[in-house]
Structures are given as structure tokens and as C-alpha cells.
Amino acid sequence: MKTNTKIAIIGLGYVGLPLARLFATKYSVIGFDINQSRIDELKKGIDKTLEIDSESMQKVLVDTSTTENGLYCTSSLSEIQDCNYFIVTVPTPVDKNNRPDLTPLYKSSETVGKVLKKGDIVIYESTVYPGVTEEECVPVLEKISNLKFNVDFFVGYSPERINPGDKEHTVDKILKVTSGSTPEIGQKVNQLYQSIITAGTHLAPSIKVAEAAKVIENSQRDINIAFVNELAKIFNILEIDTHAVLEAAGTKWNFLPFKPGLVGGHCIGVDPYYLAQKAQENGYHPEIILAGRRLNDSMGEYVASQVVKLMIKKGVTINGANLLMLGITFKENCPDVRNTKIVDVVKALEDYGIQVSIYDPWASVEEVLKEYGLTIHNEPPTVIFDAIVLGVAHNEFLDLNIDALKNRNSVVYDVKGILGDKTDGKL
């Protein structure tokens with residue numbers, strides 16, 4: 001890559017920050033985010049997402065945007081105007097009706113458009129349906145910048161493959177799909193990522209191919225999990241241990257090792273809706289994709305109903321019962337609460353008149369209250385509960401003395417299947 005390469009990362013969340021830190025080991029990188037408090041924390045080497053430790057942050061942080069390499073964080077638009085690569089890593093959520101919400105992409109495209117210059121390349125990493133980059137984002141860039149696409153500026157798409165909380169499969173160790181708006185730009189985008197991704201890259205023939213590849217990755221996982229969730233429902237009726245069945249079936253070399261569970265987070269529970277939306281716009285109603293979504297979205301209420309049935313069998317009075325929910329994040333050993341389906345379980349239990357206390361040593365009390373209106377605790381409780389539900393497999397819960405938190409009639413339900421014989425039921 002040219003020595004004058006200067007990269008702006010737009011959005012410093014779970015995706016943007018690890019990418020910015022990695023690029024900063026070789027290039028001059030400006031990390032841009034509209035959240036000033038986030039910028040202030042990062043400048044001190046503090047990452048509340050826990051994706052980057054303080055030592056790693058301090059190694060790449062610089063105090064000025066004019067250095068040859070390193071990471072400078074800012075919320076000021078003027079600080080990124082000298083960059084020639086702009087990498088957009090903002091979230092792509094769905095609204096309350098599960099329709100794709102492209103607002104963050106539109107806003108970030110407007111931001112980039114204000115500083116876009118001739119010869120610049122804009123790369124999108126956000127998960128989208130095929131066509132969003134060129135049909136939705138490019139027109140915004142053209143309008144704001146008054147520049148012409150594929151003449152004055154160019155775009156690329158390289159879908160993020162970040163796995164929050166995973167310290168083994170970090171961004172540099174996951175093969176990266178790349179693409180560009182022209183064959184030449186595709187090569188440039190590919191070379192840029194090749195310079196930092198040790199796992200290698202795969203140059204897709206077009207941006208739409210790269211977009212489609214990303215969105216089907218998580219759609220495939222969603223469908224596979226929906227299948228084992230349905231198996232769990234069936235085997236529960238038949239009084240067969242689902243995990244024992246999966247363990248036995250897993251002895252075949254080509255059996256896929258999926259487990260039942262609550263499907264939340266920023267990708268698997270969202271991405272299939274993006275693909276479904278595009279399909280429906282073009283006259284095709286996807287059946288398997290949406291069926292998988294419906295089944296997985298129903299699992300919160302299913303878990304709650306199973307817990308209540310066990311409580312009734314043990315003679316526990318449901319209305320007014322005290323229940324402890326262990327975990328609120330969408331996955332284990334990670335503070336990420338985006339689109340967590342534990343909330344669905346809590347709401348369903350509360351509908352039965354159950355009083356739910358939530359203990360999670362990883363989640364932010366303030367963030368959970370703001371996003372879901374729920375009060376959580378970071379310290380373990382000391383009172384007795386009528387029921388305990390393990391919703392997230394945090395390491396801390398393996399060492400928790402559950403027996404000290406229950407009485408003779410208390411119910412213990414294990415959503416993740418990690419407590420062994422300590423439970424009255426599991427998914």
C-alpha cells in the first residue's frame with residue numbers, strides 16, 4: 001500500500017474499534033464516533049465493550065492526527081478530511097416490525113460525503129442486503145459531495161466478521177471477504193486488508209456478491225439453530241434429553257454441532273430479516289428463512305412457559321414468586337446486550353406475575369436500564385428464590401453456589417445446559 005494511506009474508521013463500536021486498532025499498527029488511522037463520551041474513554045485507553053484491553057489500546061493511541069501511524073480518536077469532522085480511505089462500521093438494526101433500519105448507514109454516508117475528495121475510497125463493513133452499498137449509500141455520497149461515483153470516488157464492501165467476546169478468533173485471524181466498485185478498486189481494497197489480516201482475504205467478483213455472502217452466513221446459522229430448537233421442543237414432549245441426543249448424533253463426522261438456545265445479538269437474530277426484505281421487494285416470499293426466525297423469536301416465551309410448568313409441579317405459587325435470572329447479555333463472557341433475547345424471557349415471566357431479579361457480572365447497569373428499562377445487579381444475590389434460571393453461560397455462574405439461593409421447592413432451569421444434574425429442567 002502507498003505510504004500516504006490515511007484511514008478513517010466511522011463508528012468505534014464492537015466492529016470499528018478492533019479494526020481501527022489493527023489498522024493503526026501499520027497506518028495513520030482516525031477513529032471517528034459521534035458519541036463524545038465514547039471518544040473520551042478511548043483516549044484514556046478504556047474500552048467498555050472489553051474487545052480491546054487497555055495495554056493494546058495504549059500501544060497504538062497517538063495525541064495527534066498527523067503521525068505516520070497510530071490511532072487518533074475524535075468526534076470532530078474536520079479531523080478526518082485528510083483521509084483517503086473511509087471505512088464505515090456502523091450498526092444495521094431492524095425496527096420494532098423487524099424491517100431493516102438503514103438510518104445509521106444514511107447518516108454515516110452523509111458524514112463521509114461532507115469530506116469526500118476525488119480519488120477517495122469508501123468501504124462499508126455493515127451487514128446489509130445485496131444492493132444497499134451501491135443503491136442506497138452511493139447516492140447519498142454523490143448528493144452530499146457533488147462528486148461522481150466511479151469517476152471521482154469509489155466504494156468497496158468488506159463485511160465484518162467480528163465475534164464479540166472471542167479472544168481467539170480476533171479480526172486479524174478471520175479470513176476477510178473484500179470487493180470493490182471496479183476491478184481495480186477491488187484489488188486496492190483487497191490489498192489494504194491483506195496488509196493486516198493474517199488469515200488472508202477472498203476477493204469477491206462484485207459488491208453484491210460480498211453483501212449476499214455476509215447476509216447468508218448468519219441466516220444459515222439462524223436456520224440451523226431453529227432446527228435444534230424445534231428438536232428441543234419435540235424431545236421435551238417425549239421426555240428425552242436433547243443434549244444427549246445431539247451428543248450421540250454428533251459422533252457422525254458430518255453432523256453439524258448446533259445447540260438449542262436463545263438467538264439474539266447484533267447478527268444472527270437480525271441479518272435474516274435483511275435478506276427476507278430484499279427477497280420480498282423482488283416478489284419472492286422466503287419460507288425457510290422466516291420460519292426459522294419465527295421459531296427462534298418464540299423461544300423466550302417457550303422458556304418462560306417451561307419454567308412456570310416446573311414451578312407449578314413443585315407447588316410454587318406463581319403470582320408473586322421470586323425468580324433469579326442469571327445473565328442478561330446475548331452471549332457468555334461478554335458485556336454485549338444488543339438484541340438479547342433474555343429480555344423476552346424476563347417479560348414473559350413478569351406477565352405471569354413473577355418478580356424477576358437479574359444478576360449479570362458482565363453487563364452495564366446503565367445500558368440495560370436505558371435500552372430495556374430493566375434493573376440488574378452486578379453482584380451476586382444473597383436471598384432465597386422460588387426459581388433460578390440460568391440464561392447465559394458466564395464463567396462466574398459455574399462457581400456460583402446455587403444451592404445457597406434456593407429452598408426445597410425451588411426450581412432450577414438451565415437454558416444453556418451447563419449445570420449438569422443441578423437442574424430440574426433444561427432447554
| note | Per DSSP, the loop-located trypsin sites (Lys or Arg not before Pro) within segment 79-176 having at most 14 other beta carbons within 10 Å are Lys96, Lys114, Lys117, Lys118, Lys148, Lys167
| message | Checking the table Lys6/Lys148; Lys43/Lys259; Lys43/Lys370; Lys43/Lys107; Lys114/Lys188 against a 29 Å threshold on Cα-Cα, which pairs fail? | response | Lys43/Lys259
| query | In terms of solvent-accessible area of protein heavy atoms at a 1.4 angstrom probe, what is the ranking of Tyr372, Tyr359, highest value first? | reply | Tyr372, Tyr359
| task | Only loop residues by DSSP count here, and only those with at most 13 other Cβ atoms within 10 Å; note down the GluC sites (Glu not before Pro) in segment 1-80 that meet that. | result | Glu68
| Cα-based Rg and Dmax for segment 172-320, where Dmax is the largest Cα-Cα distance (Å) | 20.8, 70
| note | With the 1.4 Å probe rolled over protein heavy atoms, the chain has an accessible area per residue in Å² of 46
| note | GNM of the chain, Cα pairs under 10 angstrom: of Tyr27, Tyr352, Tyr85, the biggest fluctuation goes to Tyr352
| message | Based on alpha-carbon atoms only, what is the radius of gyration of the chain relative to the globular estimate 2.2 N^0.38 Å? | response | 1.06
| query | Kirkwood hydrodynamic radius (Cα pairs, Å) of segment 345-392? | reply | 11.7
| message | If R₀ is 30 angstrom, what is the calculated FRET efficiency for the pair Lys347 and Glu367, using the beta carbon separation as r and rounding to 0.05? | response | 0.95
| Length added when fully stretched, Thr25-Asp399, from 0.36 nm per residue minus Cα-Cα | 130.8 nm
| task | With label points built 7 Å along Cα→Cβ from the Cα atoms of Lys59 and Ala199, find their separation and express it in nm. | result | 1.9
| query | What lysines sit close enough to Lys44 to cross-link, taking a C-alpha to C-alpha distance under 18 Å and skipping anything fewer than 8 places away on the same chain? | reply | Lys59
| query | Along the Cα-to-C-beta direction of Ser298, a point sits 7 Å from the Cα; which residues of segment 330-359 have their amide N less than 17 Å from that point? | reply | 344-345, 348
| task | Using a 1.4 Å probe and ignoring any ligands, DNA or RNA, find the accessible area of Thr64 and quote it in Å² to the nearest 10. | result | 60
| field | Fully extended contour minus Cα-Cα distance, from Asn282 to Lys309, at 0.36 nm per residue | value | 5.3 nm
| note | For the pair Thr375 and Asn319, the simple spin-label estimate (label points 7 Å beyond Cα toward Cβ) gives in nm 2.3
| So what is the diffusion coefficient of segment 64-180 in µm² per second by Stokes-Einstein at 4 °C and 1.567 mPa s, using a Kirkwood Rh over Cα pairs? | 83
| request: Work out, step by step, the length gained on full extension between Ala249 and Phe227: first 0.36 nm times the residue separation, then minus their alpha carbon distance; give nm to one decimal. | output: 6.5 nm
| said: Please list, by residue number, every one of the GluC sites (Glu not before Pro) in segment 129-170 that is coil in DSSP and has at most 10 other beta-carbon atoms within 10 Å. | reply: Glu168
| note | Expressed as a percent, the accessible surface of the chain that is carbon or sulfur, using a 1.4 Å probe and the full set of protein chains, is 50
| query | Roughly how many Å is it from the Cα centre of segment 164-236 to that of segment 268-319, as a whole number? | reply | 24
| note | For segment 367-427 (alpha-carbon point model, no solvent) the Debye-based log₁₀ I(q)/I(0) at q = 0.14, 0.15, 0.19, 0.24 Å⁻¹ works out to -0.44, -0.51, -0.78, -1.10
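The values are calculated or read from the model by the stated rules, or taken from the named source; none is laboratory data. Because the structure is a prediction, the values reported are computed rather than measured. Quick reminder, even Gly has a Cβ in these numbers, built from the backbone with ideal geometry, and neighbours come from all protein chains shown. These area figures cover heavy atoms from the full protein model, side chains too; ligands, DNA and RNA do not enter into them. Shrake-Rupley method; radii C 1.70, N 1.55, O 1.52, S 1.80 Å.
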